[in-house]
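Trainee: Below are the structure tokens for one structure; questions will follow.
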Amino acid sequence: MRAPEPGAEEMATMNQISNRYPTAELKEKDAAHYLHPFTDYKALSAEKARVIVGADGCWLTDSDGNRMLDGMAGLWCTNVGHGRMEIAEAAFEQMKELAYYNSFFKTTNAPAILLAEKLAALSQPQFNHIFYASSGSEANDTVVRLVRWYWSLKGKPKKKIILSRKNGYHGSTMAGASLGGMVPMHEQGDLPIPNIHHIPQPYWFGEGGDMTPDEFGIHAARELEKAIDVLGEGNIAAFIAEPIQGAGGVIIPPDTYWPEIRRILKDREILFVADEVICGFGRLGAWFGSDYYGNAPDLMATAKGLTSGYLPMSAVFVGDKIADYLKHEGGDFNHGYTYSGHPTCAAAALANLAIIEREGLVDRVRDDIGPYLKARWLTLADHPLVGEARMTGLMGALELVPSKPSRSKALFGEVGSAGTICRDISFRNGLVMRAVRDTMIIAPPLVLTHADADELVARARKTLDETWVELKKQGKVTA
Ligand SMILES: *Cc1c(COP(=O)(O)O)cnc(C)c1O
């Protein structure tokens, strides 16, 4: 005899995989089998990972039942917040109809087409074409292949160098990590790949010296001009940059920076690529970070907020200058992924964009929750441990310093030691804040409520107080 069909409630519980295993067992299995990304394996094996079992809005639940405010929107991606059934249902419906098919060999599918049309409509007028991949890294790999191929088709095969910035983040594949300016990543895997050149970043707090932020913004931008002069415009394919550096520590460039970059790139034969993987889809209170800053890139790499992280998908926006030329010239682009234009991911992206539009989340960041959180976040600057509090849209940072008003962090000792202490205390206080070196950063979901924002800042302040006490004990702060 067949077992009776489980009821809906029973099914729901059965489907909750994490609830079928005791926490201790999961942690053991995790340590035994799972190699995590960007993780010190020795340290994690000793300590064990935290198991997340559920999430709703801006709140996470771990397997011990602790509720944590998700100050990082997952990993800068859950723009519409957690637990949106609408996206789950869109994916489910699409899976029932056509879960997967590829876009190779002259085939296509409705969700990928409609999404490309939608993305073209949401972006600046030069963007009418989309190339899909599954991650931000793959989007940037696509950019490298595409811009080099474009110039060689145009009879300028020497234009190969891609200018990028120190401490920028563009992903973790060979090309993504090469474009990125993270030295510890370059050290593993013999990177960067050839013809990537890094210029300094517009990080006033850390590198501005005696200059005012505005002076430093011009100075940092002119590093691009210098690099072009030294390397030769005839050898340079593109310049890639995030509107605001995210993983580098929420580095908000001085106001003078982007206008000066635009002046430098004007009339140059150098493609401008915006890495919008974080800034795209509303984070700065505009659809794209380029819109916020008034930049007009030739290409944009996007991912994260495209699906709010519900399924992996990325999109490269290809400007008409390039797309029209490729269409005119013909020839195979020998590049693409099994999952380029994945119909289920595209359906999830469309549902996600529908939520962002319907709930007016982009304007909400600009006019409501962005200014609301910023006003409160900036009050943290009065804390003895905080050398600077900054925020644009819903991306914020706190520069921890041992001794105000000096911006030096030397007394902390090893770079990142104070940040790690603060990060761990923050988790204990039920707030996910990330540490980049000794800078604390947040990028909460765009649906953050006013009450969530108040809670976030209260927990951050408590965390700073406790961190200060701990660092005082270690002799790493004065005052
Ligand atoms: C996260 C990120 C990437 C890489 O995206 P993945 O999906 O992790 O490959 C690229 N660029 C920026 C700016 C990012 O923040």
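Trainee: Quick one: which helices (runs of 4 or more DSSP H) lie wholly within the stretch 68-161 and hold at least 1 residues that are within 16 Å of the ligand (Cβ to nearest atom) and in contact with a Lys or Arg (Cβ under 6 Å, 6 or more places away or on another chain)?
Mentor: Result: 73-76.
Every residue, every condition in (1) among the aromatic types (Phe, Trp, Tyr); (2) in contact with a helix residue (DSSP H, G or I) (Cβ under 7 Å, 6 or more places away or on another chain); (3) not assigned by TED's automatic domain parsing to the domain that holds Ser308, yes or no:
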residue	(1), (2), (3)
Gly136	no, yes, no
Tyr150	yes, yes, no
Ile161	no, yes, no
Ala177	no, yes, no
Met182	no, no, no
His197	no, yes, no
Glu207	no, no, no
Pro213	no, yes, no
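Trainee: Which pairs do you get when a residue that is on the phi > 0 side of the Ramachandran plot, found in the stretch 285-297, comes within reach of a residue that is crowded, with 23+ Cβ neighbours inside 10 Å and outside any helix (DSSP H, G or I), reach meaning Cβ atoms under 9 angstrom, with the pair 6+ apart or on two chains?
Mentor: Within 9 Å, the pairs are Gly285/Gly393; Gly285/Leu394.
Trainee: Also: Within the stretch 251-297, which residues are more than 16 Å from the ligand (Cβ to nearest atom) and hydroxyl-bearing (Ser, Thr, Tyr)?
Mentor: Selection gives Thr256, Tyr257.
Trainee: Confirm whether Gly65 is part of a helix (DSSP H, G or I) and at positive phi. If you could, list the steps in order and put the result at the bottom.
Mentor: Numbers: part of a helix (DSSP H, G or I): no; at positive phi: yes.
No; evaluated as a whole, the condition is false for this residue.
Trainee: Between a first residue in the stretch 145-160 that is open to solvent by less than 60 Å² (accessible area, probe 1.4 Å) and a second residue that is of a type outside the set (A, V, I, L, M, F, W, C), which pairs have beta carbons less than 6 Å apart while being 6 or more apart in sequence or on different chains?
Mentor: Arg148/Lys160; Trp151/Lys159; Leu153/Glu329
Trainee: Is it fair to say Tyr292 is over 13 Å from Pro125 (Cβ atoms), part of a helix (DSSP H, G or I), open to solvent by 20 Å² or more (accessible area, probe 1.4 Å) and not assigned by TED's automatic domain parsing to the domain that holds Val447? Steps first, answer last, please.
Mentor: Working: over 13 Å from Pro125 (Cβ atoms): yes; part of a helix (DSSP H, G or I): yes; open to solvent by 20 Å² or more (accessible area, probe 1.4 Å): yes; not assigned by TED's automatic domain parsing to the domain that holds Val447: yes.
Against the criterion (over 13 Å from Pro125 (Cβ atoms), part of a helix (DSSP H, G or I), open to solvent by 20 Å² or more (accessible area, probe 1.4 Å) and not assigned by TED's automatic domain parsing to the domain that holds Val447), Tyr292 qualifies.
Trainee: Do we have Cys279 as assigned to a helix (DSSP H, G or I) and of a type outside the set (D, E, K, R) here?
Mentor: no
Trainee: Sticking with this structure for a sec: With the condition kept exactly as written, say whether any residue in the stretch 312-320 is touching a Pro at 6+ places or on another chain (Cβ under 9 Å) and outside any strand (DSSP E or B). Walk me through how you get there before you give the answer.
Mentor: Quick first cut of the stretch 312-320, residues touching a Pro at 6+ places or on another chain (Cβ under 9 Å) only: 317, 319-320.
Next, from what is left, pick out any that are outside any strand (DSSP E or B): 320.
Yes: one or more hits.
The values are calculated or read from the model by the stated rules, or taken from the named source; none is laboratory data. Since this is a predicted model, take the numbers as computed values, not measurements. Cβ: placed from backbone, ideal geometry, glycine included. Neighbour counts: every protein chain shown. Surface areas here come from the heavy atoms of the whole protein model, side chains and all, with no ligands, DNA or RNA. Shrake-Rupley method; radii C 1.70, N 1.55, O 1.52, S 1.80 Å.
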